[in-house]
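The values are calculated or read from the model by the stated rules, or taken from the named source; none is laboratory data. Worth saying up front: this structure is predicted, and the values here are computed from it rather than measured. Note that each Cβ is placed from the backbone with ideal geometry, even for glycine, and that neighbours are counted across all protein chains shown. Ligands, DNA and RNA are stripped out before the accessible areas are found, and what is left, the full protein with its side chains, is counted by its heavy atoms. Shrake-Rupley method; radii C 1.70, N 1.55, O 1.52, S 1.80 Å.
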Amino acid sequence: MLTTQVNPYLDGNFAPVHQEITSDTLEIIGELPPSLSGMFLRNGPNPQFSPIGQYHWFDGDGMIHGVRIHNGQASYQNRYVRTKGWQIEHEAGKAIWSGLLEPPQMDNPYGPTKNAANTALVWHAGTMLATWEGGAPHAIDIPTLDTFGEYTYDGKLASSFTAHPKIDPMTGEMMFFGYSFAPPYLQYGVVSSTGELLQTVPIELPMAVMMHDFAITENYTIFMDLPLTFSQSRMQRGELPLMFESEKPSRFGIVNRHGDNSNIRWFETPACYVFHTLNAYEEGDEVVLIACRMDSTNVLMSQDSASAPSNSIPRLHQWRFNLNTGTTSETMLDDVATDFPRVNENFLGRQTRYGYAGRMVEGSMPLFDGIVKYDLKSNKSQTHKLGAGRYGGEAVFAPRPDGQDEDDGWLITFVRDRTEETSELVVINAQDVTSEPVARVLIPQRVPYGFHGAWISEAQLNA
């Protein structure tokens, strides 16, 4: 008897939801803190239709799940990011584009790729952007979650736009980059605090690579030229064009914030891959980077590949790049598998004492069963365990509006309870992470696992 293998990213709580709902006055277990006021948002892949060919988790259409918190009460809504591609497929009533695991559709009349707008969210200069690293971001209305459309900085955006732009909390500037599989392979941009695109400069790379994240300090921007390479010849042979080449070194480029290719400095380490950085800062002659490092990655392999090999497990590491001597050191900070790291973004680019990351479950699927709080000063950590059969995602730090301490605030994430078959938003006191959540907001429909979130404060909403 033939059995059809179900793609695990279209099954269970990875499967999409198709209803867009709005629900007011949600049930709350515990109590939402009175000073926690704003909106939590999370983006993620949610395919509108059954896929063409093999489906990869990165392929799905962006869907934003939002919880508005005010005066101790909460409401929920979810909306697709209505990209051009989403609208074309919606009108056709079926998928038009295949995904990352299929050969590019060079004969697709609408173009070979679809901007899924499914990865992350950033609030800058009064605008909410849904990001996807292969194209332009999309502007989203808050709090309705309606899509305004592609956001190109008055037509000045000349590259793709990383899913993870960085905002300097002191100057308000936003740094971003775009990578490409055709020269220039990397472009670097700076947006002013008022939302004006000030500069875009090319940065030379020896070959095309997939570059998912980067980091900033007070004065520098750090790029990661890691050997997940793109090859036209592999694609022409019918192979997957992206491959991790473990014999090539990893390179970290440090450039002045308003600099260009003429003043970038490169530091080499053995091959590794990093999807997400926690933070970076300057200390004396050194630039320090903290990120979740893996020896290699199989992220764009076929879904048929076996469980994740041990060398593709991310763990928190620290690099020190000495700008005076040119030397590099690399240290593992924790042997626990973690990813989706975050800090209190009021301190981004400066030395922070604390960092937070999702604790990963052993196995082939990206499941998180806890939240690790790192004390980078004492080299200790504490873990909030979500509980048996309960899995979450990225924990976003929401600072207390009048808080003085770096960790004075809350960690917020969606959690799926497999036993109860319920979804909820959990709010954890960041200064007491091992305790029970201070509040659990019950969501009236299933919230699939997704990617990255954002907290928009009441002050930002009012501005």
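Just to be sure, is M211 hydrophobic (A, V, I, L, M, F, W, C) and outside any strand (DSSP E or B)? Criteria met by M211.
Collect the residues in the range 351-379 that are of a type in the set (G, A, S) and either out of contact with any His (no Cβ under 9 Å at 6 or more places or on another chain) or touching a residue at least 60 places away in the same chain (Cβ under 8 Å) (or both), keeping them in residue-number order. Listed by number, the residues that qualify are G355, A357, G358, G363, S364, S378.
Against the condition β-branched (V, I, T), modelled with pLDDT of 95 or more and open to solvent by 60 Å² or more (accessible area, probe 1.4 Å), how does T22 come out, does it pass?
On the way: β-branched (V, I, T): yes; modelled with pLDDT of 95 or more: yes; open to solvent by 60 Å² or more (accessible area, probe 1.4 Å): yes.
Yes.
R440: assigned to a loop (DSSP other than H, G, I, E, B), surrounded by fewer than 22 Cβ atoms within 10 Å (Cβ to Cβ) and of a type in the set (K, R), yes or no? Spelling it out, it is not the case that R440 is assigned to a loop (DSSP other than H, G, I, E, B), surrounded by fewer than 22 Cβ atoms within 10 Å (Cβ to Cβ) and of a type in the set (K, R). Scanning the range 362-421 for residues that are among the β-branched types (V, I, T) and under 23 Å from the mean Cα position of the chain (by Cα) yields I371, V372, T383, V396, I412, T413, V415.
Taking every residue in the range 43-54 that is in contact (Cβ under 8 Å) with a residue 60 or more places away in the chain and over 30 Å from I412 (Cβ atoms) and pairing it with any residue that is of a type outside the set (D, E, K, R) and assigned to a loop (DSSP other than H, G, I, E, B), at least 6 positions away or on another chain, the pairs with Cβ-Cβ distances below 8 Å are Q54/N7; Q54/G99; Q54/L101; Q54/S302; Q54/Q303.
With respect to the conditions (1) part of a strand (DSSP E or B); (2) open to solvent by 10 Å² or more (accessible area, probe 1.4 Å), M224 falls short on a single one, namely (2).
The set of residues in the range 428-463 that are touching a Gly at 6+ places or on another chain (Cβ under 7 Å), under 29 Å from S381 (Cα atoms) and of a type outside the set (S, T, N, Q) comprises A430, P437, V438, A439, R440, P448, Y449, G450, F451, W455, I456. Summed over the range 325-366, the residues that are open to solvent by 10 Å² or more (accessible area, probe 1.4 Å), aliphatic (A, V, I, L, M), outside any strand (DSSP E or B) and at pLDDT 95 or above give a count of 2.
Could you check, for the range 100-111, whether at least one of its residues is at positive phi, free of Cβ contacts under 8 Å to residues at least 24 places away in the same chain and assigned to a loop (DSSP other than H, G, I, E, B)? So far as the range 100-111 goes, yes, one or more of its residues are at positive phi, free of Cβ contacts under 8 Å to residues at least 24 places away in the same chain and assigned to a loop (DSSP other than H, G, I, E, B). The set of residues from the range 155-171 being in contact with a strand residue (DSSP E or B) (Cβ under 8 Å, 6 or more places away or on another chain) and part of a loop (DSSP other than H, G, I, E, B) comprises K156, L157, A158, S159, S160, F161, T162, A163, H164, P165, D168. If you go through the range 32-60 and keep only what is of a type in the set (D, E, K, R) and out of contact with any strand residue (DSSP E or B) (no Cβ under 6 Å at 6 or more places or on another chain), you end up with just D59.
For residues that are assigned to a loop (DSSP other than H, G, I, E, B) and either among the small types (G, A, S) or at pLDDT below 95 (or both), scanning just the range 57-76, find the one that is nearest to the chain's Cα centre (by Cα). Steps first, please.
Filtering the range 57-76 down to residues assigned to a loop (DSSP other than H, G, I, E, B) leaves 60-61, 71-72.
Imposing the further condition that a residue be either among the small types (G, A, S) or at pLDDT below 95 (or both) reduces the set to 60, 72.
Numbers: G60: 15, G72: 28 Å.
Looking at the filtered set, the residue picked out is G60.
Taken over the range 78-113, residues that are of a type outside the set (G, A, S) and open to solvent by less than 30 Å² (accessible area, probe 1.4 Å) amount to 9. Scanning the range 115-158 for residues that are among the polar types (S, T, N, Q) and open to solvent by 20 Å² or more (accessible area, probe 1.4 Å) yields N115, T127, T144, T147, T152.
Of the residues V209, V191, which is within 25 Å of Q318 (Cα to Cα), open to solvent by less than 50 Å² (accessible area, probe 1.4 Å) and not hydroxyl-bearing (S, T, Y)? Explain how you work it out, then say what you get.
Values: V191 fails: within 25 Å of Q318 (Cα to Cα).
It is V209.
Here the condition is being in a loop (DSSP other than H, G, I, E, B), of a type in the set (A, V, I, L, M), more than 23 Å from the chain's Cα centre (by Cα) and at pLDDT below 95; of L300, L240, it holds for L240 alone.
Listed by first and then second residue, the pairs linking a residue in the range 128-143 that is in a strand (DSSP E or B) to a residue that is of a type outside the set (A, V, I, L, M) and open to solvent by less than 10 Å² (accessible area, probe 1.4 Å), with Cβ atoms under 6 Å apart and 6 or more places separating them unless they lie on different chains, are L129/P137; A130/N43; A130/G62; A130/H138; T131/P137. Put simply, of Q404, Q431, Q460, Q382 the only residue that is free of Cβ contacts under 8 Å to residues at least 12 places away in the same chain and either under 20 Å from D24 (Cα atoms) or open to solvent by 60 Å² or more (accessible area, probe 1.4 Å) (or both) is Q404. Applying the criterion of at least 3 residues that are among the aromatic types (F, W, Y) and in contact with a Gly (Cβ under 8 Å, 6 or more places away or on another chain) to the strands (runs of 3 or more DSSP E) found wholly in the range 367-427 leaves an empty list.
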